[in-house]
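The values are calculated or read from the model by the stated rules, or taken from the named source; none is laboratory data. Owing to the predicted nature of the structure, the values given are computational and were not obtained by experimental measurement. Cβ coordinates were reconstructed from backbone atoms using ideal geometry, including for glycine residues, and neighbour counts include every protein chain displayed.
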Amino acid sequence: MKSLYRQFVQTSGWFLILSVVIGLMITNIFYLAFTKQQTTEQNLTRAQEVTSILETMHGDAEALTPFLDSVANLGYQIVLADSEGSLQSFGKPFEDVVLSEEAQRVVSDGVIYTGEDGALSFFMTSHFANRITNTVGVPFEVDGEVYGLFLRPDLSLLSSDIHTLLLAFLLSIALVNLLGMLWMAKQLTKPIGLLRQATQEVANDNYSHSLGIERQDEIGELADSFNRMIERLRENDTARKTFITNVSHDLQSPLVNIRGYAELIENEADVNAPSYQHAKVIQQEATRLSGLAKQLLLLSSLDQPTYQLTLGQVELDKQLKQIVSSYRYRFEENQLEVSLKLERATIQADAELLEVVWDNLLSNATKYTQEGGQLAVIMETDASVVKIRIQDSGIGIAAQDLPHVTERFYRADLSRHTEGTGLGLAIVNEIVTLHKGTLQIESIEQEGTCVEVTLPIL
Amino acid sequence: MRILVVDDDVHIRQLIALQLQQGGYEALLAQDAQQALELLETEEVAAAIVDVMMPGMDGYELTQTLTDDLDIPVILVTAKGQLTDKAKGFESGSEDYLVKPFEPQELLFRLQAILRRYGKAMRHHLSVGNIQLDRSSYDVVIGDETLIIPLKEFELLAILSATPGHTISRIRMLEEVWGEDDEKHELSLNTHMNRLRDRLKKHGASVEIQTVRGVGYRLEVLR
């Protein structure tokens, strides 16, 4: 992704370059259209003044040199051509001291020379080149001899001070402009970065994040309405969670009573009395109903298309250990041996949902393993994935049922066991898929089942 | 032993009371935190069972008061099984957490564990050969593997591990683990010892339980 800030800086850079180019072009046109003409005329006047002095001096050819020397010292570059074609430079010499055909006509035909356009004449810079073609030439006579005087102001003397100042001025304007742009860009993109961060927090179900943007402009207004939106979302979220908690509490409490009192009846009844069996059935069904209520609540939130995982760092080994230890009583009841072999692993995941996964898998493993059986929880990691295997020595799953066990409300062989809701593995599958993991179940009847959950580490 | 039960649902209160009575405890009932704290001004309890959702002061707050100020271990009971609630529960100082619906036996089991743990100065960690025993969580660690074994077997192993190399008599074992030296438990002791031996071997423990004929058992570290 190209960051906004970079784009802004790049664009400003391009604009700076573009403005330099366009500026140059405009000055160029302006120079060619007006200034050049003017300068040439000025130079011509200068040259004619010089030649008229020379012609009225009535000196001989010898006197030309010191006079032209002194004129050159005033800041001119001068070339003197005589009728024989020999050239003499005064002041700073030109790059090439050769006259073009056009220029030679000053001496031979006595015409005025106003410079020539070279191949690059579209660019004004060519008019500043240190060449004779950029001079003006006028003929004059001294002692009956025809000469040509080519002249132009010495630009190297002219440019030095004021031009350096001008350049420095322009460069500082450009620099200040650029820095200003960068600062402005930072100011504009910073709140956008903050907004992006805040939306991510909200996406992760964290509504406590508040934007620290205090501005009086459009961005400030955006931040304000964003904060209001988060506030509303937080209220909704709390309402939803409170609802689920209340429903769950109000459903579970009566079920606890039904089950508990049924157990009291069971304890008081004679083992052979029908009421003993009836109480047992009530207990089992109450247990099933309470599990069902919990799972349906969970599924109803998982099924929402907008469901978002609440991601955080989960220390899997610790989590598994904690859940396994909460199963102590059930293990003890069935005299199970449980072994844990857990490599350390921390992954980015929804801790609450993963807990549901382990809870369901352990519950299945305990439920379907006979007294004195074995259970193993093994976690292995490599560079990219963690594998968690929950293995039991239980009754197993029949081959024809195996492909269907993750379907909702699918329950294998109803006559054998009445516990369970048929939703456990469906939920496990859903949660594992939400974490971009895979669920693999292998089972041999009467030997045991092995459920393997593979989760990506990143 | 007296246990305080705080729950706003009268039926649950009575149910837990009955279950506690069957487990040999006496129950003291309160319908909310307010009443519970009033009762505690005159009564003494060994532990408390507290419902999280109650009108007025909620279960977390009450737990905090009970554990911090009165030094009473608390089991929190709730319908919420969610992790954040669990974390909140442990933060407030509760010893254990029970999610509705629970089996009465499970409640008694956890209560026992807490009472055994609470305020008793016992060496929690035992280490022999490559095995470590944690008496508070009842875990056996062999190498990089954690093993959870039936409680009776754990207790037998703990007794043997406390004095490795020393022979422990069968009578003492029966008394400590079953609470009575009765012939009817003899067979059970044998079975448990055999299972324990198998488990240690299977999981690569560097200790072995040896039978001292006619006397008892001894734990030896293998070389």
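None of A:LEU251, A:LEU289, A:LEU264 is within 7 Å of chain B (Cβ to nearest Cβ) and under 28 Å from B:GLY59 (Cβ atoms) except A:LEU264.
In this structure, B:ILE12 does not satisfy being at pLDDT below 85, surrounded by fewer than 21 Cβ atoms within 10 Å (Cβ to Cβ) and either under 24 Å from A:GLN322 (Cα atoms) or facing another protein chain (nearest Cβ under 9 Å) (or both). Identification of helices (runs of 4 or more DSSP H) wholly contained in region B:107-223 with 3 or more residues that are on the phi < 0 side of the Ramachandran plot, in contact (Cβ under 8 Å) with a residue 24 or more places away in the chain and more than 14 Å from every other protein chain (Cβ to nearest Cβ) yields B:151-162, B:170-178. Whenever a residue of region A:264-283 is within 19 Å of A:PRO254 (Cβ to Cβ), its partners that are part of a loop (DSSP other than H, G, I, E, B), lying with C-beta atoms within less than 8 angstrom and at least six residues away or across chains, give the pairs A:ALA279/A:ALA269. Considering only residues in region A:53-105 that are touching a Lys or Arg at 6+ places or on another chain (Cβ under 7 Å) and assigned to a loop (DSSP other than H, G, I, E, B), the one that is nearest to A:LEU149 (Cα to Cα) turns out to be A:PHE94. Scanning region A:254-299 for residues that are buried (at least 16 other Cβ atoms within 10 Å of the Cβ) and not in a helix (DSSP H, G or I) yields a count of 1. Considering only residues in region A:300-310 that are within 14 Å of another protein chain (Cβ to nearest Cβ) and in a loop (DSSP other than H, G, I, E, B), the one that is surrounded by the fewest Cβ atoms within 10 Å (Cβ to Cβ) turns out to be A:THR310. Considering region A:209-229, and only residues there that are among the polar types (S, T, N, Q) and in contact (Cβ under 8 Å) with a residue 12 or more places away in the chain, the residue that is nearest to A:GLY312 (Cα to Cα) turns out to be A:SER210.
The rows are residues; the columns are (1) assigned to a loop (DSSP other than H, G, I, E, B); (2) modelled with pLDDT of 85 or more; (3) in contact with a Lys or Arg (Cβ under 8 Å, 6 or more places away or on another chain); (4) away from every other protein chain (no Cβ under 14 Å).
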site: B:ALA17; (1), (2), (3), (4): no, yes, no, no
site: B:ALA36; (1), (2), (3), (4): no, yes, no, yes
site: B:GLU44; (1), (2), (3), (4): yes, yes, yes, yes
site: B:VAL50; (1), (2), (3), (4): no, yes, no, yes
site: B:TYR60; (1), (2), (3), (4): no, yes, yes, no
site: B:THR67; (1), (2), (3), (4): no, yes, no, yes
site: B:VAL77; (1), (2), (3), (4): no, yes, yes, no
site: B:ASP85; (1), (2), (3), (4): no, no, no, no
site: B:LYS88; (1), (2), (3), (4): no, no, no, no
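Hey, any hits in region A:328-339 for a residue that's in a strand (DSSP E or B), more than 9 Å from every other protein chain (Cβ to nearest Cβ) and touching a His at 6+ places or on another chain (Cβ under 7 Å)? No.
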